Amino acid sequence: MLTLAGGCRLLTHQQLQPRLALLLLALSLAASLPVLQGSSEVFKYGDDPEFAGNDTGTHWTYGLAGEDWAGSEPDGSTWLCQSGQQQSPVNLPTSPDAAAPLDASHKASWQLGSLTANGSNVGIANNGHNVQVSWQDPSFEPYLSLVVQAGQPLESCLTLRPGHKTATVKAVPQQLHFHTHSEHLLGGRIFPLEAHLVSLVEQSQLPSCPPGGCVVVTAVLFELGDNLTQDNAWLAPLFEAMPYSEGEASHLPAGTRFDLQQLLPPNSSYIAYGGSLTTPPCSEGVTWLVMLEPQPLSLKQWRDFMKAVGDYNCTLNGSTSDAGSINGTAPAPRVGLAEAPSNSSSSSGSSSQGAPAANITGGNNISSNSSAVASSPPNRLLLSTNRDTAIISSSSVHVPSTGLSRLLLEAASSGQHYSCSKLGAGSNYRLPQPLNGRTLRIWRDVSSSKKSYLNDAASAASAGAVAGIVIGVTLGAGLTAGFGYWGWKLYNKRRLKRFYNMDNDMMMVTQEVERQWLNTGPGGSSAPVAGAGAAGLARSRHSINNIP
C-alpha cells in the first residue's frame, strides 16, 4: 500500500483483487434476487398480467397491428392470417366504377329493433381484444335479410344479376364490438372508430354453411363531427358503462333503451365483399357489408375508447415473506369473462364454408358474465411476454429457448401480484389487406336526404364534369362566334373589293370604256362629250376609284 501526500492511500493489486471479487459477487446476487416491490413494467393491451384470460391457442395482441399473427387454434389448425388470399379488412376504392351496382331487389335490409335493459340482459365486456356488447332477451329478435342465388352458398349474393332465381335468408346478430382506428378504409381515408355487428346465417337456412353458421359482418364507421364536444347519443350509454381494464364486464343500467337499429346511418348505402375475420384465426368466407355514411363521434368518446384499449403500467407489489397476501389482505376480486363454448372443429374455416361461429359468438352467454366473479390472479410473476400462454409451477420454472412464450409463474408462496393502471391511449386494429381482385358490389341509397361518403365523392366528380362541360362549351362557342364574325367581316370586305376592283382588272376595263366613250361620243359618234356630261363622268369615275 502506498501513501501519497495529503494522506491518500493507493491499494496494491494484491489488495484490490479480493475487493473486486466481492463487488462482482454482490452484483450477481442482486441480479438473481426476486423483483423488488414497487418495480413497474409496461404491458400491451391483451397482456394485462392481472388477467390471465382463457386463451388456449396461440396468444396474440395488437402490438404490430396483426403483422405478427402466426399461430394455431387449440385443435392445432393453423391461422390464415399470413397465408389467406381473401383477408379483411381492406381499403375500399371510392371511384364511381369501383364496384358493380346491386339491383334494388337484391340489396340487404336490416330489421334490428330495440329493447329496454333490465340491468342484466345487455352486457359490455372488455376481453383484451375489443370492447364487446352482447344481449340475452327472448323478446329481442333482430335480424338482417340477405338475397342469394337459389340453391347457392352465401357468397352468391356478390354475383347476383337481374334474372337470377333468388332466395332470401336471415342472419341473426350475435354481438357488437368496436375497433380504433377504423379497420376498413374508404379511398385511403381512416376513420376514428369502427363498429362490427356480427351475425350468423344458420345451416338450416343455407345447407352450404358450416354447423356453426355463415358469418355476416355489418361494419359502421364513425367520424368526428364539426362540433367535437357533441356526443353520439347512441354510443353514450354504452361507453359510460364500458370497462377500462381487460377481463372486466358490466351491464347497461336498468331502464336504458338499447336501440340497435340506431347503430346504422340514415343513408343505407354500402359496399359488399367477401373477406375474413379481422382477428385470429382470420377464417375466410365472411360476407362484409360496409356502410358508406359515417356516424358522428365526439372527441371525448374517441378518447374514452382509446383508453379502454390502451396499454398498462403495472407495479409488482408484495413481499416474499407474505404467504399469498399483501399485509394480510387478499387482493380484491374482479369481474371476469365467461367465454362461449368453442367449436374448434371448424376453427380454420374456408372461403366456401364460411367462418366459424366459435370465434365470434357470445350473444347468448351474457348471463354467465353477470355472475362470473373471479379473483384477480395475485400470485403471478410474468417472466417473459410474447405469444403462447403457459401456467407452470414454480418448481419447473424455465424460459423457453425460442422466447415465443408468455410464461406465467405460479408463485402462491411469494405473495407478489401486479397492480396495473392505464398508461394512455391505445388501438386495436388490423392493417388493411390486399383486395387480390375480389368482387365488390355496391348499393347506393339515393332516396335519403343524406348522401354517403361514396355518393358525395361521385356527386363531386359528376358536378366537376358537368361544370367542365359547361365551361368548355361556353368558351368554345364564344371563340367560334368570335372567329366567325371576324371571318364574315373579312369576307365581305374582300367581296366588295372584288366587286368594284376585280383586282384592278375592272378598273382597267372601266378606264378603257371611258376613254373610248369620250373619244367617240354616244351612239358611236366621234364627237367628244363636253360640258355637264363629262363632269358627271369624271365625278362617277372619282367615286369608283375611292371605293375601299
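Which value, in Å², gives the accessible area per residue of the stretch 91-313 when a 1.4 Å probe is used on the protein heavy atoms?
It amounts to 34 Å² per residue over the stretch 91-313.
How do the peptides 155-161, 245-251 rank, highest first, by the average count of neighbouring beta carbon atoms within 10 Å per residue?
So the peptides 155-161, 245-251, ranked by packing, come out 245-251, 155-161.
For Glu223, what residues show an amide H to amide H distance below 5 Å, using hydrogens built from the backbone and excluding near sequence neighbours?
Excluding prolines and chain starts, which carry no amide H, the hits are Gln295, Leu297.
Under 10 Å from the Cβ of Tyr312, count the other residues' Cβ atoms, weight Lys and Arg +1, Asp and Glu -1, and hand me the total.
-4
Which order do peptides 421-430, 206-215 fall in by mean Cβ count within 10 Å, highest first? Could you put the intermediate results ahead of the total?
On the way: 421-430: 17.4, 206-215: 21.2.
With the highest mean Cβ count within 10 Å placed first, the list reads 206-215, 421-430.
Using unit Cβ charges (K, R positive; D, E negative) and no other charged atoms, how large, in debye to the nearest 20, is the dipole of the stretch 168-325 about its Cα centre?
Around 240 debye, computed over the stretch 168-325.
The values are calculated or read from the model by the stated rules, or taken from the named source; none is laboratory data. From a predicted model like this one, the values you see are computed outputs, not experimental measurements. Don't worry about glycine lacking a Cβ; one is built from the backbone with ideal geometry, like all the others, and counts go over all protein chains shown. The area values use the complete protein model at the heavy-atom level, side chains included, leaving out ligands, DNA and RNA. Shrake-Rupley method; radii C 1.70, N 1.55, O 1.52, S 1.80 Å.
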